[in-house]
Structures are given as structure tokens and as C-alpha cells.
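First up is the structure itself, then whatever we jot down about it.
The values are calculated or read from the model by the stated rules, or taken from the named source; none is laboratory data. Since this is a predicted model, take the numbers as computed values, not measurements. Reconstructed Cβ throughout: ideal geometry from the backbone, glycine too, with neighbour counts over all protein chains shown. Accessible surface is based on the protein model in full, side chains and every heavy atom, while ligands, DNA and RNA are left aside. Shrake-Rupley method; radii C 1.70, N 1.55, O 1.52, S 1.80 Å.
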Amino acid sequence: MDAPNQRYVSRFIYYAALGIPRIDIERWRLSIVGEVERPLEFTYSELISMINVKYVRDFHCVTGWSVRDVEWEGVRIRDIASMVGVRNDAKWVIFRSADGYESVVPAEDALSEDAIVALRMNGKPLDLKSGYPARPFIPHLYGWKSAKWLTTIEFTKQYRDGYWEAMGYHERGNVHLEERFKGMEGTHTGKTRRVIA
Ligand SMILES: Nc1nc2c(c(=O)[nH]1)N[C@H]1C(S)=C(S)[C@@H](COP(=O)(O)O)O[C@H]1N2
Ligand SMILES: [Mo]
């Protein structure tokens, strides 16, 4: 199913709002913190050995471009969550990156079947401009939630804005409901409507 009001383009348009960080893969870790019983850190090779998902899904940027049929490989966030023992009161997940970028998603979306820490794209490790070594990917959410150069996954009780959310972008960002901006609730009409309080 095509996403509403998106235009398919042939390749990714690369964004790095805070610049492309330097990554020393020997020192890089993915840390899982917050409302968890056992905070854990993973090395790159540990994560590579944990890859348990490979699928083809489209990618959608909220500015209106989409890329069809991208092959993704990664580790289900759900499986990482069960290793650390996420507490029931964790309602939000904050993704933080080496460049200082952050995004926020509801825990429910981060723990959904297709939500992964992506490590490989189209048969190769992510390249640096695509977020090497890791980025979360949740196919039904807009691309800004996919924080490139991911270093930390934080489970929290309390919502807090990430980089784009602070500028008015939506708390969840569901592509099919066209949740582009805060207060814009999915209407399924094809024309989204900003709800005025
Ligand atoms: N660290 C970081 N992650 C980021 C961004 C960014 O600027 N910095 N841009 C986001 C946005 S808005 C989109 S659409 C996708 C774009 O992914 P790409 O650069 O691989 O095309 O990355 C997301 N993740
Ligand atoms: Mo985007």
C-alpha cells in the first residue's frame, strides 16, 4: 500500500542536520538505558551476530519523498527489550545518536513486530551517510524517527521532544495516518487537518 501524499523517488536524499559524526567502531556501543531491569551495552559485532530480521519495506520522509522496496536487516527492538527487561511503565522510547540528534516514539511502536535496529541495507552494512553503524527503522513511522548513528535507546515514562519534535513534528509520526505535525490527527481523508485547540 502506498503511503498517502508521498512521491516515490529513486534514491535516498541524505540528511545530517547536525553533521556527519566520526565513528570509531571499536569504541562504538549501543546502550540500552532508562526503565529497564538490566541496562546493557552491545558492541557492533555482538549486534551483527544478533541479526534476526530481513525484510523489504519502503522508507518515507515526512517532507514527501519515499523510497520503494529497500531491503533492511537488523535486530528486533522487541528482542533487545526482553534482554534488558523493559518495565511496564516505559511508555516512550528515545533514540539518541552520536551527533546529538534525538527522536522519540511510543514504546508500543518501538516494540512492534517490524521495529528493528537496522545494521544493513540492500545487502551491505549501512554506509556512513546512511547512519553507520546502526539506525532504528520502524516501517510505519516517518523517516525522521530513524536516528542515524544511533548510540542509545532510552525507555522512559515521560515523553520528551527530540530534534524535530521540538520544531512541531508529531510525537508518533505514523505514515498511514499522516501524523506529520503535532495536533495533526490522522483523518484518512488524504488531506490532513491541523486540529486547533
Ligand atoms: N542523526 C540524524 N539522523 C537522521 C537525520 C539527521 O539529520 N540526523 N534526519 C532524519 C530524516 S528527516 C530522515 S528522512 C532520514 C533520512 O535518511 P537518509 O539520510 O539515509 O536519507 O534520516 C533521519 N535520521
Ligand atoms: Mo525526513
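Which of the lysines could a cross-linker bridge to residue 54, judged by Cα under 17 Å and excluding same-chain residues fewer than eight apart? List returned: 124. Got a number for carbon plus sulfur as a percent of the chain's accessible area, 1.4 Å probe? With neighbouring chains kept in place, the figure for the chain is 50 percent. Per residue, the solvent-accessible area of the chain (1.4 Å probe, heavy atoms of protein chains only, all protein chains present) comes to 49 Å².
Assuming charge only on the beta carbon of Lys and Arg (+1) and of Asp and Glu (-1), the dipole of the chain about its Cα centre is about 440 debye to the nearest 20. Cross-link partners among aspartates and glutamates for residue 182, C-alpha distance below 16 Å, same-chain residues fewer than 8 apart left out? Cα-Cα hits under 16 Å: 161, 165, 171. The distance linking segment 82-103 with segment 1-33 is 17 Å (Cα centroid to Cα centroid, whole angstrom). Over the chain, dividing the summed -39,500 (n - 2.57) contributions of all DSSP H runs of at least 4 residues by the number of residues returns a 222 nm mean residue ellipticity of -2500 deg cm²/dmol.
Farthest towards the positive end of the charge dipole of segment 1-132, among the residues 52, 13, 66, is the Cα of 13, using unit charges on the Cβ of Lys, Arg, Asp and Glu. Let a ≥ b ≥ c be the square roots of the eigenvalues of the Cα gyration tensor of segment 35-194; is it rounded (a/c under 1.5), or, if not, prolate (a/b larger than b/c) or oblate? The shape class here is oblate. Let me know the shape class of segment 1-119, please: from the alpha-carbon gyration tensor, a ≥ b ≥ c as square roots of the eigenvalues, rounded when a/c is under 1.5, otherwise prolate if a/b is greater than b/c, or oblate. Since a/c reaches 1.5 and a/b is larger than b/c, the shape of segment 1-119 is classed as prolate.
Annotation for segment 32-108: GluC sites (Glu not before Pro) lying in DSSP loop with at most 15 further Cβ atoms inside 10 Å of their Cβ are 37.
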